[in-house]
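Please read the structure below before turning to the comments.
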Amino acid sequence: MPLQTITRYATTLLFALGVQAATAEAAPSKVGFLVLAPDRGYLGNKEISSLVDEFKHTYPAALGFIGPGEAGVEGDYAPYLTRAVWTLKEAGVTRIVAIPLFVSESDPLLTRVKALLPTYMGELPVRWTSAMSHDHLISQIVLDRVTALSEHPETERLILVGAGAVDEASEQALKTDLHRLLAYVNHYRPFRETEAVILYERDADRARQKNDAALARIMSHAAKAGRTLVIPAFIGPKLDSSMSLSAWLGTQFGNTRVAYRPEELLPHPNVLLWLKKTANREMPLTAERIGVVVMPHGSTQPWNDAVEATMRPLMAKYPIEMAYGMGDPFIIQDAVSRLEQRGIRHVVFVRLYALDHHMKSLTDYILGLSDQPPGDGHDGGHGSTSAPPQVRTAVTFSAFGGYEQNPDIATVLHKRIAELSQDPTEETVLLLAHGDGTDEGDNRWIAVMNEHIARLRQEPHCAKLKDIKAFTVREDWPGKREKAVAAVRSTIEEASRDSRVLVIAHRLYGAGPYRHMLAGLNFELNDKGLADPILTRWLDERLTRLTAELTSQNQQTTLAQP
């Protein structure tokens, strides 16, 4: 064969191999979910199987039971794990996400399985997700169990019972996660005392003595005045209704003042939500799976209609639900649930409030973006006295806010000034905003308004104005409102002596209480607010950018078809 032919053949072969390699490199991986659950016996395993079957309706998944005999590919549970991994491989999975159906990351059985799982994977990469106690959805289950028993928490004691310890180190580690659950409950119900106790595995060293000590600890509380609530915070053995860890625990209390119901963490609807939410964090997002919840303050129908007019051009582009109010958890839950029913897996939550910190701590907590309940104050919503309920949903969230920090708001303000202005050389303009409860927040608001004033001064028309000033009235805080309104009135009185005073409502729509606050003064008011196509454009740009970021984060990953 001539050298030229050989060279041409080799070049063609190398090119073909390069194309194949590039194609393989560019080919998206397919994700499947391996749910690993403790062997609980007949009835308990039936509960788990039903749960995972429901999960599999929407997500490619397989269930693998594990138990104390797990020892790798030669152990008693090897067939269950081998079959689960094989099922995912048959579905075309190229990457496995392992979801542990365990309360605690520190469960000794889970720890052992994590070390052994690679022996089942072959060439497939595997990624572990967090155990159950890290999610507020599971904390809500405990709260539900507690709420069903508790009458007067300030006089009661609450004991959470965990299970699975094999030594003192694992006992303390398991307690740490139960303390996380107790802290969550304490956000909502102020118990007189709380404690976590851990039961040992039956085959562990000194298991009987340790479990007797745990029961004695519970009884010591029961001997005190007031009720003692005992709540199982485990997913324990459950051969049938009577042969279960939770049933056995109930028989220990006899005629004591212990209030107890043998309901474990499973079954409960939140466990399925947790599985789905865990999967949603791992799976790729497409634009069609992203929805939007917009939370404006809300008011009368004209106010709401004006805001929705700015939303209308976006509703053909994004699935949007409105959630009017100051972080009302029930309205937010309803809006999120409506999107979830439409197949949405990720929600962009828009705080349609002036600055990006407004209502942030409250809504971040409601959405589960923060574990810290909001403190007292305006950001906790009107009339809030304790932690608000968190949403119960499988969707994941992103959030943003702060429409007044958009530099283009200056253009809207220019429109509002021009709508009233006649001779700018004889006019003084006051931008008047709602205001913040804290001096720091209020100063920040004024600073944003002054940035807009600097931009307005670059406009030929506004450059001729006698003056432009920014004020807030701090309208929801009586002590601060009085001083703030007095300053505004004084400024108008002084400016109106030698100029025409124009007051621009620096709020989303309308003028709120401004006319009442400024009654008797000589000024003209533009109450159209900032609802404008420029606001629509700002929302569209933010949503477009965030959608691109969300869909590009894992664009090389797809789900295997269930």
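The values are calculated or read from the model by the stated rules, or taken from the named source; none is laboratory data. In this text the structure is predicted, and so the values were computed from the model without any measurement. Every residue, glycine as well, gets a Cβ built from its backbone with ideal geometry; the counts of neighbours run over all protein chains shown.
Side notes on the structure shown:
- All conditions in (1) surrounded by fewer than 16 Cβ atoms within 10 Å (Cβ to Cβ); (2) of a type outside the set (Lys, Arg); (3) at pLDDT below 95 hold for HIS221, with the sole exception of (1).
- Residues in the stretch 246-266 that are crowded, with 16+ Cβ neighbours inside 10 Å, touching a residue at least 40 places away in the same chain (Cβ under 8 Å) and out of contact with any strand residue (DSSP E or B) (no Cβ under 6 Å at 6 or more places or on another chain): LEU249, GLU263, LEU265, LEU266.
- Of the strands (runs of 3 or more DSSP E) entirely within the stretch 126-220, those holding at least 1 residues that are under 13 Å from VAL230 (Cα atoms) occupy 157-165, 193-200.
- Residue check, THR551 out of contact with any Asp or Glu (no Cβ under 8 Å at 6 or more places or on another chain), of a type in the set (S, T, N, Q) and modelled with pLDDT under 95: yes
- Checking each residue of the stretch 102-112 against the condition of being without any contact (Cβ under 8 Å) to a residue 60 or more places away in the chain and part of a helix (DSSP H, G or I) gives at least one match.
- Scanning the stretch 510-527 for residues that are in contact with a helix residue (DSSP H, G or I) (Cβ under 7 Å, 6 or more places away or on another chain) and at pLDDT 95 or above yields MET517, LEU518, LEU521, PHE523, GLU524, LEU525, ASN526.
Matching residues to (1) within 26 Å of PRO118 (Cα to Cα); (2) modelled with pLDDT of 95 or more; (3) assigned by TED's automatic domain parsing to the domain that holds LEU117:
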site	(1), (2), (3)
THR11	no, no, no
ALA16	no, no, no
ALA22	no, no, no
VAL35	yes, yes, yes
ASP39	yes, yes, yes
GLY44	no, yes, yes
ILE48	yes, yes, yes
GLY72	yes, no, yes
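- The strands (runs of 3 or more DSSP E) falling completely within the stretch 452-562 that include 3 or more residues that are under 30 Å from PRO313 (Cα atoms) map to 500-505.
- Residue match in the stretch 365-381 (condition: modelled with pLDDT of 95 or more and farther than 24 Å from PRO269 by Cα): no
- Subset of the stretch 84-101 (residues that are among the hydroxyl-bearing types (Ser, Thr, Tyr) and not in a helix (DSSP H, G or I)): THR94
- Residue check, THR428 in contact with a strand residue (DSSP E or B) (Cβ under 7 Å, 6 or more places away or on another chain), of a type in the set (S, T, N, Q) and closer than 23 Å to ARG507 by Cα: yes
- Residues that are outside any loop (DSSP other than H, G, I, E, B), more than 12 Å from the chain's Cα centre (by Cα), surrounded by 21 or more Cβ atoms within 10 Å (Cβ to Cβ) and not charged (D, E, K, R) within the stretch 341-370 comprise just one, VAL350.
- Of everything listed in (1) at pLDDT 95 or above; (2) over 15 Å from the mean Cα position of the chain (by Cα); (3) buried (at least 17 other Cβ atoms within 10 Å of the Cβ), the single unmet condition for THR278 is (2).
- Residue within the stretch 98-107 that is crowded, with 20+ Cβ neighbours inside 10 Å and of a type in the set (D, E, K, R) present: yes
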